[in-house]
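Okay, structure first, notes after.
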Amino acid sequence: MLLGNQRDFRDAAAICVTESWLSEAVPDSAVQLDGFSLHRADRTSDSLKQRGGGVCCYINNNWCTDIKILSRTCSPELESLTVLCKPFYKPREFSSVIVTTVYIPPSAAAVSATQQLASIIMEVENNNPDALAVVLGDFNHVSMRKALPRYKPQIHIATRKEKTLDQYYSPIPEAYHAVARAPLGESDHNTILLIPKYRQRLRVAKPTVKHCRIWSPQAIETLQDCLDSTVWSNLWTEGRRYASIKSKTSRFRDSTYLIAIRHLNLAR
C-alpha cells in the first residue's frame with residue numbers, strides 16, 4: 001500500500017517507522033517491502049510496557065546494501081535503532097551515513113531521554129568521525145536543541161494536528177524540505193517526506209581552470225645537461241662578492257629560469 005502508487009516512497013533512500021508495534025510474534029516476511037531491507041528494534045520488557053512502541057527502518061537496496069546495526073536501545077524513556085549505511089553514491093565529504101530512528105514516549109522524563117540519546121549520538125560520532133549522523137523520529141514533548149546543539153531541526157510543519165511532534169535533526173542546517181503526506185493506516189501522525197536541499201561542496205564551488213607545464217623525460221635530461229655545463233662562478237662577479245644572500249638567491253633563480261626557457265620546449 002505504501003509503495004504501490006507512491007513513487008516518492010519507492011525512491012526513498014530510507015523509510016523510518018516509529019511505534020511499529022512489532023514483536024517476536026511478527027516475522028520480517030509479514031512486513032517486508034519489496035526493494036528494501038528491514039531493520040528492527042522491537043519493544044522489550046525493559047520499556048516497562050507490554051504493548052506498542054518499537055521502531056524500524058527500511059533501507060532502499062538501490063541506495064545501499066552495506067548496512068550495519070550499531071545499537072538498539074529500549075528503556076522507559078527512549079527506544080532507538082542506529083544503523084550505519086555505506087551508500088553506493090554519496091557526497092565525497094562523508095564516509096558513510098548513520099541513521100538513528102527514535103521514539104520517546106509521551107510519559108518519558110525529558111532530561112533522561114535527551115541524556116540517553118545524546119550519549120548514543122556522541123559515541124557514534126567518536127567512532128565514526130567522517131560519517132554524517134542524522135536523528136529522526138517521534139520526539140513528542142522532547143527537544144534536542146540543548147543536548148545536541150550542533151544538530152538542527154529540519155521539520156517546521158505540523159506532524160500531528162497542530163503540533164510538531166516528529167522531527168529530523170541533522171548537523172547540516174536546512175538540508176531538507178519537509179512535506180506532509182497522509183497518515184499511514186490508523187496512525188494519527190502525518191507521514192513526512194524529506195526532500196534533500198543539500199548540495200555537495202564540489203557542486204557548490206565554481207570550477208577553476210589551472211594550467212601546468214609538462215616536461216618530457218628528454219626535456220628533463222636536456223635541462224640537466226644545461227645546468228651541468230653552466231659556469232656558476234660567473235654569476236658571482238667580483239663586484240657582487242659581498243652581495244646579500246637574498247640577492248644571490250634571486251640571481252640564481254632568474255638564471256635557472258632563463259636556462260629552462262632558452263633550452264627547453266615546454267608544452268602547456
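Determine whether residue 83 is β-branched (Val, Ile, Thr), modelled with pLDDT of 95 or more and crowded, with 18+ Cβ neighbours inside 10 Å.
Working: β-branched (Val, Ile, Thr): yes; modelled with pLDDT of 95 or more: yes; crowded, with 18+ Cβ neighbours inside 10 Å: yes.
Yes; evaluated as a whole, the condition is true for this residue.
Please count how many residues of segment 1-22 are in a strand (DSSP E or B) and of a type in the set (S, T, N, Q). Step through it out loud before you land on a result.
Going through segment 1-22, the residues in a strand (DSSP E or B) turn out to be 14-18.
Restricting the remaining residues to those that are of a type in the set (S, T, N, Q) gives 18.
Summing the residues that are in a strand (DSSP E or B) and of a type in the set (S, T, N, Q) in segment 1-22 gives 1.
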Got at least one residue in segment 212-234 being part of a helix (DSSP H, G or I), modelled with pLDDT under 80 and within 30 Å of residue 9 (Cβ to Cβ)?
-> no
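Looking at segment 29-54, which of the residues that are of a type in the set (Gly, Ala, Ser) and touching a helix residue (DSSP H, G or I) at 6+ places or on another chain (Cβ under 8 Å) is modelled with the highest pLDDT?
Taking segment 29-54 and keeping what is of a type in the set (Gly, Ala, Ser), we get 29-30, 35, 37, 41, 45, 47, 52-54.
Narrowing further to those that are touching a helix residue (DSSP H, G or I) at 6+ places or on another chain (Cβ under 8 Å): 35, 53.
Values: 35: 94, 53: 89.
Residue satisfying both the conditions and the ranking: 35.
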Here the residues within segment 23-65 that are surrounded by fewer than 14 Cβ atoms within 10 Å (Cβ to Cβ), under 31 Å from the mean Cα position of the chain (by Cα) and not in a loop (DSSP other than H, G, I, E, B) are 28, 29
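The values are calculated or read from the model by the stated rules, or taken from the named source; none is laboratory data. Because the structure is a prediction, the values reported are computed rather than measured. Every residue, glycine among them, receives a Cβ derived from its backbone with ideal geometry; neighbour counts consider all protein chains shown.
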